[in-house]
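K.L.:
Below is one structure. I have some questions about it.
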Amino acid sequence: MIALACDHTGLDLKREIAGMLDEMGLEWKDFGTFEPVSCDYPLYGYRAAKAVADGECDRGILICGTGIGIGIAASKVKGTRVCTCSDVYSAELSKRHNNSNILTMGARVVGVDLAKMIARHWLTAEFEGGRHQRRVDMITAIEEGAFSC
Ligand code: RB5
């Protein structure tokens, strides 16, 4: 299950991404917003990120104007590994090396076709584990206040 969320700037792109997920046969749940009215991205970013962190959803795709605000908000939820991407290479590597579980994009930054391509690469890439697992574990330890160096 993929969590979707956006603010008012991301409604159209979120609908396009949802349509692509349908074509890919992937289930999704929309955590809002649902109206083209100015709203606060942390609310929707938090709801979707919490669903990922709690295991209700495996992954999330979140959209605001730049992808940055909603990404910062989502990254404050323990258990998330958020990547804000506007290129395919970063999106794919964020999964293969960082095991990212939330992708954010900016509706005012990327066009619809590029956003779909980014999301498709991110969704189909596999975490490589190995030395990357060790590094992800270090990130988790930092998050839990259990890291020292
Ligand atoms: C809304 O105007 C805009 O600030 C928001 O969509 C996002 O880009 C914030 O990071």
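Read-outs throughout are calculated quantities, based only on the coordinates presented, and are distinct from any laboratory measurement. Everything quoted here is computed from the prediction, not taken from an experiment.
K.L.:
Across every pair of different alpha-carbon atoms, what Kirkwood hydrodynamic radius in Å does the chain reach? The partial results should precede the final answer.
P.N.:
On the way: mean 1/r = 0.0663 Å⁻¹.
That comes to 15.1 Å for the chain.
K.L.:
Could you tell me what fraction of 2.2 N^0.38 Å the Cα radius of gyration of segment 39-91 comes to, as a two-decimal ratio?
P.N.:
1.06
K.L.:
Considering the Cα trace of segment 66-149, what is its radius of gyration and what is Dmax, both in angstroms?
P.N.:
Radius of gyration, then largest Cα-Cα span, for segment 66-149: 13.5, 43 Å.
K.L.:
Based on the Cα gyration tensor of segment 1-66, what are the three equivalent ellipsoid semi-axes, each the root of five times an eigenvalue, rounded to whole Å and given largest first?
P.N.:
Taking √(5λ) for each Cα gyration eigenvalue gives 18, 15, 8 Å.
K.L.:
Hey, what did the chain get for relative contact order, percent, Cα under 8 Å, at least 6 apart?
P.N.:
23
K.L.:
Between segment 1-74 and segment 85-149, what is the separation of their alpha carbon centroids in Å?
P.N.:
Each part reduced to its Cα centre gives a spacing of 16 Å.
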